[in-house]
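The values are calculated or read from the model by the stated rules, or taken from the named source; none is laboratory data. All values reported here derive from a predicted model rather than from experimental measurement. In this analysis, Cβ positions are derived from the backbone assuming ideal geometry, glycine residues included, and neighbour counts consider all displayed protein chains. Surface accessibility is based on the protein's heavy atoms, side chains included, excluding ligands, DNA and RNA. Shrake-Rupley method; radii C 1.70, N 1.55, O 1.52, S 1.80 Å.
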Amino acid sequence: MAIIMLLEWPFSRNPDIKEQNVSASAAAFLDTDHAQREDTSPEQTSIRQEATKMTIPLVLAPGDTLLGVLTEAGIPTSEAYAAINRLKGLIDLRTLKVGQRLDLIVSIVSEKAKERRLENLTLLPETDRLIFVQRTSSNSFDAQTQQIKHSARLISVSGVVDTSLYEAVRKQEVPQSILLQLYDVMGLAVDFQRDIREGDRFALGYERFDDGDYEQAHPGKLSYVSVTLADRKLSYFRYKTREGFTGFFDAKGNSVQTNLIKTPVDGGQLSSLFGQREHPVLGYTRMHKGLDFAAPRGTPVLAAGDGIVTQLKRKGSFGKYISIRHDNRYSTAYAHLSKYKDNVEQGRRVRQGEVIGYVGATGLVSGPNLHYEVMQDGKQVNPMTVELSSRQILTDDELARFRRTAKRLLQDLKIKAPKNTAQDESYILEEG
């Protein structure tokens with residue numbers, strides 16, 4: 001169910017939702033051409049005389065759809081459909097997230113009316129773009145966008161791990177979107193279940209955009225992350241190369257992104273390691289030549305690296321199975337899938353991180369999971385310990401440019417670059 005909140009939003013500085021005239025701030029967003037072309041027929045004049053306008057701020061809750069939110073707010077279904085159809089050319093509605101705020105201006109024609117007439121819908125889906133839909137003289141809707149100015153600043157936070165890295169970062173009131181980026185980056189370098197311990201330290205920097213008059217703030221991108229473990233320190237900087245590749249790099253110029261990602265399933269829990277184990281169905285011990293990730297049925301499975309799909313079929317105890325050849329040395333395999341992604345087929349080239357299928361329980365398996373294998377020179381190897389090369393390695397002028405950028409970032413974040421030590425071999429930003 002949508003959360004109807006008493007928000008201060010561009011259209012209403014009054015904290016109460018009540019009948020009111022349209023505020024001056026709301027009127028600023030209305031297209032003057034449409035205002036000048038209002039229908040002056042007796043019927044419409046009568047409606048305007050009787051109608052009272054009110055502002056309804058809304059927030060999307062889990063499970064909400066835009067159509068459901070509008071109809072729940074009393075907008076007739078036909079009007080809600082018409083307004084949404086005008087939005088489709090301006091925004092992919094599937095990208096709207098929980099917490100998205102929107103503002104409705106509606107007319108109440110009669111106190112006894114159960115349905116409200118939609119006059120205007122406004123939302124701010126991005127840091128610099130306002131989208132508004134408004135009723136026209138023909139009782140249809142028009143949609144437009146308006147660029148807005150915002151200020152950006154860097155936020156620096158740090159802390160000590162108590163129970164988990166997740167809890168430690170959340171205590172610093174770091175936005176969820178930044179936390180997810182943090183896990184995406186550090187998940188390529190550490191095993192959160194095994195490597196992170198109580199007493200470990202972290203520091204990170206991220207963008208925050210403030211929207212001035214619109215009284216909203218949006219987290220941007222993670223810019224810097226550092227985790228100090230018992231035996232080493234890992235620090236990474238966001239950097240865009242001259243060729244357009246954006247990634248996180250250590251101070252030596254090696255990207256944290258490798259040619260293969262270690263966890264090719266979105267949110268999976270490692271449930272079985274590489275090596276001898278008792279088979280969960282057969283009951284006897286045999287070699288397990290991969291990793292198993294437990295995850296709900298339908299969880300997206302990702303290509304571990306760029307490559308060509310070489311097999312896509314049912315394969316005995318593996319059930320629905322995909323294999324990908326990445327280069328002359330490495331291949332990967334994915335088993336027990338519930339289904340394949342529609343556009344994935346044998347012989348097709350896929351990109352690292354692209355969805356290729358979905359977690360299932362096909363084949364000989366006790367429950368939904370992904371069985372993941374890495375083949376090196378044709379032989380299965382432990383995906384956790386295989387040495388993988390960085391996807392990008394900066395050299396010469398590009399490395400010098402990166403180091404200048406990284407040093408400026410540390411200065412802006414007011415983070416002192418630590419000295420190079422045996423525990424901190426990746427962090428060798430030069431002084432001066």
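Roughly speaking, what is the stretch gain from Ala230 to Lys252, that is 0.36 nm per residue apart minus the C-alpha to C-alpha distance, in nm to one decimal?
Values: separation 22, 0.36 × 22 = 7.92 nm, distance 2.12 nm.
Stretched out fully, the Ala230 to Lys252 stretch lengthens by 5.8 nm.
Looking at the range 362-407, the pairs of alpha carbons with a distance over 12 Å make up 76% of the total.
Rounded to the nearest 0.05, what FRET efficiency do Leu364 and Asn343 have when you use their Cβ-Cβ distance and R0 = 22 Å? Don't skip to the end; give the middle numbers.
Working: r = 28 Å, r/R0 = 1.28.
Efficiency, from the Cβ-Cβ distance: 0.20.
Which whole-number percent of Cα pairs in the range 272-406 have a distance greater than 26 Å? Here the long-distance tail beyond 26 Å is 29 percent of all Cα pairs in the range 272-406.
For the range 150-169 versus the range 344-365, the inter-centroid distance based on Cα atoms is 34 Å. Model label points for Asp162 and Glu387, set 7 angstrom from Cα along the Cα-to-Cβ axis, are 4.1 nm apart.
The order of Ile308, Ile105, Ile393 by accessible area, most exposed first and with a 1.4 Å probe, is Ile393, Ile308, Ile105.
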